[in-house]
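Where a number appears in this text, it was derived from the coordinates with a stated rule and is not lab data. In this text, all values refer to a predicted model and were calculated from it rather than measured experimentally. As a convention, Cβ positions derive from the backbone with ideal geometry for all residues, glycine included, and neighbour counts pool all protein chains shown.
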Amino acid sequence: MYDVRSLKAEEFINDEEILDTLAYAEANKNNRELIEEILEKAAPKKTGKGVECAGLSHREASVLLACDIPELNEKMYSLAREIKEAFYGNRIVMFAPLYLSNYCVNQCVYCPYHIQNKEIPRKKLTQEEVRNEVIALQDMGHKRLAIESGEDPVNNPIEYILECIKTIYSIKHKNGEIRRVNVNIAATTVENYRKLHDAGIGTYILFQETYHKESYEKLHPAGPKHNYAYHTEAMDRAMEGGIDDVGLGVLFGLDKYKYEFAGLLMHAEHLEAVHGVGPHTISVPRIKRAADIDPNVFDNSIDDDIFAKIIACIRIAVPYTGMIISTRENEECRDRVLGLGVSQISGGSRTSVGGYAGYSAEERPHDTEQFDVSDQRSLDEVVKWLIDTGHIPSFCTACYREGRTGDRFMSLCKVGQIQNCCHPNALMTLQEFLEDYASPETKAAGEALIAREINKVTNPKVLERAIQNLKDIKNGKRDFRF
Ligand code: SAM
């Protein structure tokens, strides 16, 4: 039976409830009155405290996803843009993945790191190699990483992951430093989540891959990841272990997208109902070609139009949740979805173990790559492109360092303080990037952007301080934040 508060996977991600939801959405896909009502409910409203959005239930959002009326679909896209603008403005947070190890005991059929792949060289970074990778990432200008690893209790035990995190945070190369390490490792125990929390991680990210239990079990035929309940209940254990920023995701292409979409939102509702805080981020990866993986084998792949609609519907349904898109997507697709709700993107990414140090911006090793990277531009090129398309690339990590995680972050969003907090933080961290890492063209474009954008800070005291901080950054000082 469906129970949003249950701690049992099959009750909070309930198959029957999802099937009922999909039938309801299908029956109402041309119900103009209902769809307009749902769009009205989701629209930003001015309150005494600022702008607020009600969000949508998985049922309401599924109706939007199914909507078959062209002009209401257009209205939906405009609403997604409006919500994005209200809470995230034109800021886009930058990050890069860092692959630590591709040793893995699982058999995920879509991933080249699966244990039966004897062709792929297995590699695990030593602490010296972690150091070199981090220096290479710092020299590009990154401040925020997502560490990635296969699941292997012998080769990559939690102690190894913790040691790597410690190494990453310890490296201060020139003006560089990694200020936030997000972690994408396999589902683990409450005790291990507590250790990750104590190591000062940012978000714990775990993709569900698919919410469809039967498919899940087929796609993960053996290994610890085979256990659907253990995997699906991981975020509850992470929160019990003290991590209050968690990141959900589905690997689109594995099962039917409407099923995944409803499951994803039910998972978000469950976290909110049980822990009082929804997911910090949602990722929307699509399956890519990789060493022994042919994406065409998976017959649930979605085209760019459906992909954009999913992103718009997520933005409307969970307005305060960040949305992440990686370099799995090409420039054109990334350009399209940035306006619809994506708030974080990776840049200059390498998806191989040891892919950064010793390689130029054009060179990339393929032997241990997890998947083909579609957007192969350097970080400087991505930053310049964002500036040219009207966005503010942000290297901000302030919230988590100021303790604004979980519901404390959400309340910042809700009272509309973002313009006096995230906005100047984005500009100050961009200024650091321009001083230390940018090409002359990017620097010129960035300086012009900052000059235009700084006046959008509405609080006079914050504005004055931000202007002073920008001057200080030009004079060599670093790491200011509100
Ligand atoms: N090993 C960890 C786990 O089991 O959750 C997470 C790390 S894995 C490096 C990160 C994610 O990459 C996976 O959760 C999966 O969704 C995604 N991935 C795996 N194979 C992929 C492929 N061929 N194309 C795109 N994404 C893929």
Next on the checklist: Calculate the FRET efficiency for Glu26 and Glu240 from the Cβ-Cβ distance with a Förster distance of 45 Å, rounded to the nearest 0.05.
Outcome noted: 0.75
Checklist entry - For the stretch 33-130, what is the Kirkwood hydrodynamic radius in Å, using each pair of distinct C-alpha atoms? => result 18.0 Å
Next on the checklist: If packing is taken as the average number of other Cβ atoms within 10 Å across a peptide's residues, how do 446-457, 384-395 rank, most packed first?
Outcome noted: 384-395, 446-457
Next on the checklist: Test of understanding: express the Cα radius of gyration of the stretch 417-474 as a ratio to 2.2 N^0.38 Å, with N the residue count.
Outcome noted: 1.07
Checklist outcome for this item: The rounded separation in angstrom of the Cα centers of the stretch 145-221 and the stretch 264-286 is 18 Å
Next on the checklist: Over 23 Å apart: what share of the alpha carbon pairs of the stretch 56-206 falls there, rounded to a whole percent?
Outcome noted: 53 percent
Checklist entry - Among Asn28, Tyr77, Gly406, whose Cα sits farthest toward the positive end of the charge dipole of the chain (+1 at Cβ of Lys/Arg, -1 at Cβ of Asp/Glu, about the Cα centre)? => result Gly406
Item to check | FRET efficiency, 1/(1 + (r/R0)^6) with R0 60 Å, evaluated for Glu36 and Ser360 via beta carbons | outcome: 0.65
Checklist outcome for this item: Placing each pseudo-label 7 Å from Cα in the direction of the beta carbon, Lys166 and Lys118 end up separated by a distance in nanometres of 3.8 nm
Next on the checklist: With θ taken as phi - 60° and the coefficients 6.51, -1.76 and 1.60, list the Karplus ³J(HN,Hα) couplings across the stretch 277-286 in order, rounded to whole Hz; mark glycine and proline as x.
Outcome noted: 8, x, x, 6, 9, 10, 9, 10, x, 10
Checklist entry - Name the residues of the stretch 357-383 whose amide N is less than 17 Å from a point 7 angstrom out from the Cα of His173 along the C-beta direction? => result 357-365, 379-380
Checklist outcome for this item: Toy charge model, Lys and Arg Cβ at +1, Asp and Glu Cβ at -1: the stretch 9-85 dipole around Cα centroid in debye, rounded to 20, equals 620 debye
Item to check | Cα convex hull volume per residue for the stretch 201-285 (Å³) | outcome: 89 Å³
Checklist outcome for this item: When the charge dipole of the chain is computed with +1 on Lys and Arg Cβ and -1 on Asp and Glu Cβ about the Cα centre, the Cα farthest towards its positive end, among Asn459, Thr321, Cys422, belongs to Asn459
Next on the checklist: Only four residue types carry charge here, +1 at the Cβ of Lys and Arg and -1 at the Cβ of Asp and Glu. Report the dipole size of the chain about the Cα centre in Debye, rounded to the nearest 20.
Outcome noted: 1860 debye
Item to check | Viscosity 0.692 mPa s, temperature 37 °C, Stokes-Einstein D of the stretch 89-377 from Kirkwood C-alpha radius, µm²/s | outcome: 172 µm²/s
Item to check | Pairwise label distance in nanometres, Leu463 with Asn300, each label 7 Å out on the Cα-Cβ vector | outcome: 5.1 nm
Next on the checklist: For the stretch 442-482 and the stretch 288-316, what is the centre-to-centre distance using only Cα atoms, to the nearest Å?
Outcome noted: 38 Å
Checklist outcome for this item: Full extension between Asp3 and Gln376 adds, at 0.36 nm per residue less the Cα distance, a length in nm of 129.9 nm
Checklist outcome for this item: Taking r as the C-beta separation of Lys474 and Glu331 and R0 as 25 Å, the FRET efficiency to the nearest 0.05 is 0.25
Checklist entry - What list of ³J(HN,Hα) couplings, whole Hz, do you get for the stretch 184-201 from phi and the Karplus terms 6.51, -1.76, 1.60, once you set θ to phi - 60° and write x for glycine and proline? => result 10, 10, 4, 3, 9, 8, 4, 4, 5, 5, 4, 5, 5, 4, 5, 7, x, 6
Next on the checklist: For the chain, what are Rg and Dmax over the alpha carbons, in angstrom?
Outcome noted: 21.5, 62
Item to check | Relative contact order [Cα under 8 Å, 6+ residues apart], the stretch 9-85, whole percent | outcome: 35 percent
Item to check | DSSP bridge orientation in the stretch 94-234 - percent antiparallel, rounded to nearest 5 | outcome: 20 percent
Item to check | the chain, relative contact order in percent, only Cα pairs under 8 angstrom and at least six apart counted | outcome: 19 percent
